[in-house]
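Here is the structure we will look at, set down as structure tokens.
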Amino acid sequence: MPSADCCGNTAGSHHFIRLTTKEHIMGQNTSTIKTNVSVAGMTCGHCVSSVSEELEALTGVENVDVDLNSGGVSTVTITSTKELSPAEIGEAVAEAGYLVVANEA
């Protein structure tokens, strides 16, 4: 979890993510799923690293790509071999110090 000094976070502050899209991609022998998540409040590489590390620890996750929009809404693309539940994603992001507020998928 980021410290209070990291990224200007203070006790009681909340960061938000929104699950926005899922895309199934079929290959010759495998299927991957891309899930896009919008994250508000990430401001630096440490934020990106924290969120990525927690998401990459989920079973089936092959890659996490973050399009950082410092201080705005960043897009996180999770590529996995299985569908991830909103709860799984939410718990991983919460472990990094962020909060899931809504899911649309």
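The values are calculated or read from the model by the stated rules, or taken from the named source; none is laboratory data. This is a predicted model, so every value here is computed, not measured. Ideal geometry is used to build each Cβ from the backbone, glycine not excepted, and the neighbour counts take in all protein chains shown.
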Counting only strands (runs of 3 or more DSSP E) wholly inside segment 50-105, the ones holding at least 2 residues that are of a type outside the set (S, T, N, Q), at pLDDT 90 or above and on the phi < 0 side of the Ramachandran plot are 61-67
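Among the residues in segment 52-69, are any touching a Gly at 6+ places or on another chain (Cβ under 6 Å) and within 15 Å of Y98 (Cα to Cα)? First the steps, then the outcome.
Of all residues in segment 52-69, those touching a Gly at 6+ places or on another chain (Cβ under 6 Å) come to none.
Among the residues of segment 52-69, not one is touching a Gly at 6+ places or on another chain (Cβ under 6 Å) and within 15 Å of Y98 (Cα to Cα), which makes the answer no.
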Those residues of segment 59-94 that are surrounded by 15 or more Cβ atoms within 10 Å (Cβ to Cβ) and among the acidic types (D, E) come to a total of 1
